[in-house]
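Beneath this line is the structure, given in structure tokens, with notes to follow.
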Amino acid sequence: MSVSELKERHAAAVELTNNLKEQLKQKRQQLLDTDVAGFARARGETPVSFGPTDLVCCRTLQGHTGKVYSLDWTPDRNRIVSASQDGRLIVWNALTSQKTHAIKLPCAWVMTCAFSPTGQSVACGGLDSSCSIFNLNSPTDKDGNLPVSRILSGHRGYVSCCQYVPDEDTHLITSSGDQTCVLWDITTGLRTSVFGGGEFQSGHTADVLSVSINRTNSRLFVSGSCDATARLWDTRVASRAVRTFHGHEGDVNTVKFFPDGHRFATGSDDGTCRLFDVRTGHQLQVYHQQHIDNEVPHVTSISFSISGRLLFAGYSNGDCYVWDTLLAEVVLNLGSLQNSHEGRISCLGLSADGSALCTGSWDTNLKVNLHLILPMLSHFNAM
């Protein structure tokens, strides 16, 4: 078979694939006769009562000298780890604002960080294409630096996100610019499974930017990519994604499972957050705020409240919207309040009990906001 014949067959196959994708898209639209908000309004659901005094900034964590790129809470609610392009990880006591660790990194271009489930270790990764693990209980070296306890090497591109498998300090999942996700055994430093990137493309076709592990079934995780899709994976079947989710028109920067594990949300460069059902593959809702100008801010990070009724979304213009997930309405914009960030919101996360929201920004600061209607408030006020 000649080269020209191969090219013709390839072009015909691509055209057939695109036609089938369009047919599937049209079929999905026919099946989706309404969205979550439409169904909720039809049932007479009332909006969330949420005012500017319900979330109050009680702490500004200052100490980084570069853009903050990532943060994570410990399960005990008291500590936060943050990663910045000043080349350091800082572990904070969220109650007192004190720094308990300032870890100098082997590579200053860090993009992600995560606490282990026990809070004894932190992981980070970035442009060095590896994931570094630090044991917070290890003694410091002669220069006062905490040594790396394990380096997970194997990616052929930058490490964009890392997340420990729930209830395990021995396994974590990373995503990378090499279009793959990897499940690691931290004890041995070896890759347990590689998701995507094989000889026959069965995964993402561009950089993978984010992962979220299902807390009700830790064998499942979802990934978001620059190919404008999110994909659901089962760690027992690494050869192909369980399901691919379409709808976004830009890079999918962030993904997060809904508390019940049956749904997940995405945030994208197209300025929207979207809610998907993992069982049907359907898009359930789009969360999008109209802007007067044509500048659509990118969604950089998202997180759900404990109940799932609220979706917190950080944006590239410094806004931080609190969405009512049921009615698809913005109930509060933290970026419009006093003492808000002065730059891009790059990361955010809720404490394990849902009483506090921490946001990180390119303005080098982190801010801890308390939900005043929760009983956990007394623990913070006491400090």
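Laboratory data are not the source of any read-out in this text; all were calculated from the coordinates shown. Note that the structure is predicted; figures quoted are calculated from it, not measured. So basically every Cβ, Gly included, is an ideal-geometry build from the backbone, and we count neighbours across all protein chains shown.
Quick check on packing: order 223-231, 140-148 by the mean number of other C-beta atoms within 10 Å, highest mean leading.
Details: 223-231: 23.9, 140-148: 10.9.
Top to bottom by mean Cβ count within 10 Å: 223-231, 140-148.
Split the chain at each of the GluC sites (Glu not before Pro) in a DSSP loop with at most 11 other beta carbon atoms within 10 Å, and the longest piece is 1-198. Annotation for Val14 and Val242: the two label points, set 7 Å from Cα along the Cα-Cβ direction, are 3.3 nm apart.
Amide H contacts of Leu172: Val165, Trp184, Ile186, each under 5 Å away and 5 or more positions distant or on a separate chain (H built 1.01 Å from N in the peptide plane; Pro and chain starts excluded). Charge dipole (Cα centre; +1 on Lys/Arg Cβ, -1 on Asp/Glu Cβ; no other charges) of the chain amounts to roughly 660 debye.
When the helices of the chain are scored as -39500 (n - 2.57) per DSSP H run of n ≥ 4 and the total is divided over every residue, the value at 222 nm lands at -3500 deg cm²/dmol. Full extension of the segment from Lys99 to Asp293, taken as 0.36 nm per residue of separation minus the current Cα-Cα distance, would add 65.8 nm.
Just checking the listed ones, Thr325, Thr17, Thr96: in the Gaussian network model of the chain with Cα springs under 10 Å, the one fluctuating most is Thr17.
Backbone geometry of segment 322-329 corresponds, through the Karplus equation with coefficients 6.51, -1.76 and 1.60 at θ = phi - 60°, to 3J(HN,Hα) couplings of 10, 8, 7, 5, 6, 9, 6, 10 Hz, x marking Gly and Pro. Report the calculated FRET efficiency for Arg309 and Lys142 (r = Cβ-Cβ distance, R0 = 30 Å), to the nearest 0.05. After rounding to 0.05, the efficiency reads 0.05.
Between segment 186-250 and segment 41-75, the alpha-carbon centres lie 28 Å apart. The distance linking segment 284-332 with segment 100-148 is 31 Å (Cα centroid to Cα centroid, whole angstrom).
How high is the relative contact order of the chain, in percent, counting Cα pairs under 8 Å that sit 6 or more residues apart? Write out the running numbers ahead of the final one.
Numbers: 1003 pairs, mean separation 53.6, N = 383.
Answer for the chain is 14 percent.
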